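Remarks on the structure that follows.
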Amino acid sequence: MKIELNFCPSDKECVDYLADNLAFPEALWRYKELKLLVSVLEEIPMEGPLLDIGCGNGVIGKMLFKSIDLGFDLAMPVLCKAKEKMVYKNLVIADARNLPFKTGVFRSIIANCVLEHIDGVERVIAECSGILQRGGKLIFTVPSEYFNKFLFLSNSRYVKLRNKKLQHISMFDAMQWESFCKKYNFTVLERRYYIDLSHLKVWDFLDFFFHVPFLGVFWHGLWDRLLKFLAVPFFVSTIDRKILDKGAGLLIVAEKN
């Protein structure tokens with residue numbers, strides 16, 4: 001059965017909803033991902049049953065799909081928040097490296113900005129291959145090989161600091177991600193970059209200062225007055241409709257052979 005995409009609100013409604021549920025800089029990043037995911041899923045439809053790996057608080061799942069068969073994460077508090085979204089039929093605690101599901105039970109799997117936070121991520125790809133049916137789709141987003149190069153500062157000390165703050169553990173280039181997919185019996189159908197250099201630098205600047213303790217209150221207070229006025233129009237641009245040769249984020253769609 002084809003998975004129904006949820007109604008995609010206007011750009012302003014999309015950013016406003018994300019900002020109500022996430023930290024402001026994260027909302028901007030997720031906005032970019034949502035625009036790309038909707039575009040790709042319209043071209044490459046997914047079928048149920050659908051699994052959401054690392055579903056978190058369910059914000060992205062709710063904005064993408066009308067219904068998701070199963071979502072999982074490592075902690076109960078975020079799963080409780082995901083349950084409130086009323087889009088998941090089932091929610092469980094699980095480790096993506098050791099999935100408690102039967103072989104070939106799913107037709108589609110999505111992992112949005114999850115894999116980079118997992119040590120031994122190759123095992124996750126192997127697990128996905130095992131629980132997907134032949135012809136099933138795996139779609140995931142991760143930081144690309146350009147992420148570190150596009151940061152506000154590119155010196156090694158700052159790059160290391162930012163990746164530690166963002167809890168980035170598994171950072172690979174597009175070729176390596178494709179190699180993992182091929183190794184575990186997937187064929188890559190689509191590979192797209194998103195978030196260009198200028199958008200990443202602005203995002204990184206905002207995210208860095210947003211999380212400085214004594215500046216956090218200041219940034220939050222500016223949301224409706226300054227950030228919403230300046231940052232949102234910059235991110236809500238026609239560039240979202242262009243295919244990038246380079247981008248800080250990477251989306252891959254793979255099919256189980």
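The values are calculated or read from the model by the stated rules, or taken from the named source; none is laboratory data. In this text the structure is predicted, and so the values were computed from the model without any measurement. Every residue, glycine as well, gets a Cβ built from its backbone with ideal geometry; the counts of neighbours run over all protein chains shown.
Given (1) under 17 Å from the mean Cα position of the chain (by Cα); (2) farther than 28 Å from Val15 by Cβ, where does Ala82 come up short, assuming only one miss?
All conditions are met except number (2).
Of all residues in the range 90-100, which are surrounded by fewer than 16 Cβ atoms within 10 Å (Cβ to Cβ) and not in a loop (DSSP other than H, G, I, E, B)?
Asn90, Val92, Ile93, Asp95, Asn98
Mind listing just one residue for me: the one in the range 105-147 that is polar (S, T, N, Q) and crowded, with 17+ Cβ neighbours inside 10 Å and, of those, farthest from the chain's Cα centre (by Cα)?
Result: Ser129.
What pairs come up if the first residue lies in the range 41-58 and is on the phi > 0 side of the Ramachandran plot, the second is of a type in the set (Gly, Ala, Ser) and part of a helix (DSSP H, G or I), and their beta carbons are under 7 Å apart, counting only those six or more places apart or on different chains?
Pairs found: Gly56/Ala82; Gly58/Ala82.
Taking the range 148-173 only, how many residues are surrounded by 12 or more Cβ atoms within 10 Å (Cβ to Cβ) and in a loop (DSSP other than H, G, I, E, B)?
Matching residues across the range 148-173 total 10.
Restricting attention to the range 191-207, does a residue exist that is modelled with pLDDT of 65 or more and at positive phi?
Scanning the range 191-207, I find at least one residue that is modelled with pLDDT of 65 or more and at positive phi, so the answer is yes.
Kindly indicate whether Val15 is among the aliphatic types (A, V, I, L, M) and buried (at least 22 other Cβ atoms within 10 Å of the Cβ).
So Val15 passes the test.
Looking at the range 178-186, is at least one residue surrounded by fewer than 15 Cβ atoms within 10 Å (Cβ to Cβ), modelled with pLDDT of 90 or more, over 22 Å from the mean Cα position of the chain (by Cα) and assigned to a helix (DSSP H, G or I)?
Yes: one or more hits.
With respect to Pro77, determine if the residue is closer than 27 Å to Gly120 by Cβ, at pLDDT 85 or above, more than 17 Å from the chain's Cα centre (by Cα) and in a helix (DSSP H, G or I).
Taking the combined requirement at face value, the residue satisfies it.
Give just the number: which of (1) surrounded by fewer than 20 Cβ atoms within 10 Å (Cβ to Cβ); (2) part of a helix (DSSP H, G or I); (3) not β-branched (Val, Ile, Thr) does Lys32 not satisfy?
(1)
Can you find a residue that is part of a helix (DSSP H, G or I), in contact (Cβ under 8 Å) with a residue 12 or more places away in the chain and of a type outside the set (Val, Ile, Thr) anywhere in the range 101-116?
Yes: the range 101-116 contains one or more residues that are part of a helix (DSSP H, G or I), in contact (Cβ under 8 Å) with a residue 12 or more places away in the chain and of a type outside the set (Val, Ile, Thr).
Quick one: count up the residues across the range 189-207 that are of a type in the set (Lys, Arg) and closer than 15 Å to Asn112 by Cα.
Matching residues across the range 189-207 total 2.
Is it the case, given these coordinates, that Pro9 is at pLDDT below 90, part of a loop (DSSP other than H, G, I, E, B), touching a helix residue (DSSP H, G or I) at 6+ places or on another chain (Cβ under 9 Å) and of a type outside the set (Asp, Glu)?
Yes: the conditions hold for Pro9.
So that you can scan it fast, the table gives a plain yes or no per residue for (1) under 15 Å from Gly136 (Cα atoms); (2) modelled with pLDDT under 95; (3) of a type in the set (Asp, Glu); (4) surrounded by 20 or more Cβ atoms within 10 Å (Cβ to Cβ):
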{"residue": "Ile44", "(1), (2), (3), (4)": "yes, yes, no, no"}
{"residue": "Leu51", "(1), (2), (3), (4)": "yes, no, no, yes"}
{"residue": "Asn57", "(1), (2), (3), (4)": "no, yes, no, no"}
{"residue": "Ile60", "(1), (2), (3), (4)": "no, yes, no, yes"}
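In the range 18-29, which residue that is within 16 Å of the chain's Cα centre (by Cα) and of a type outside the set (Gly, Ala, Ser) is surrounded by the most Cβ atoms within 10 Å (Cβ to Cβ)? Walk me through it before giving the result.
Quick first cut of the range 18-29, residues within 16 Å of the chain's Cα centre (by Cα) only: 18-19, 21-29.
In the following step, the residues that additionally are of a type outside the set (Gly, Ala, Ser) were identified as 18, 21-22, 24-26, 28-29.
Numbers: Leu18: 22, Asn21: 18, Leu22: 18, Phe24: 20, Pro25: 22, Glu26: 18, Leu28: 25, Trp29: 23.
So, considering only residues that are within 16 Å of the chain's Cα centre (by Cα) and of a type outside the set (Gly, Ala, Ser), the one surrounded by the most Cβ atoms within 10 Å (Cβ to Cβ) is Leu28.
Tally up the residues in the range 67-89 that are closer than 18 Å to Arg107 by Cα, surrounded by fewer than 18 Cβ atoms within 10 Å (Cβ to Cβ) and in contact with a Lys or Arg (Cβ under 9 Å, 6 or more places away or on another chain), please.
Adding up the residues that qualify gives 1.
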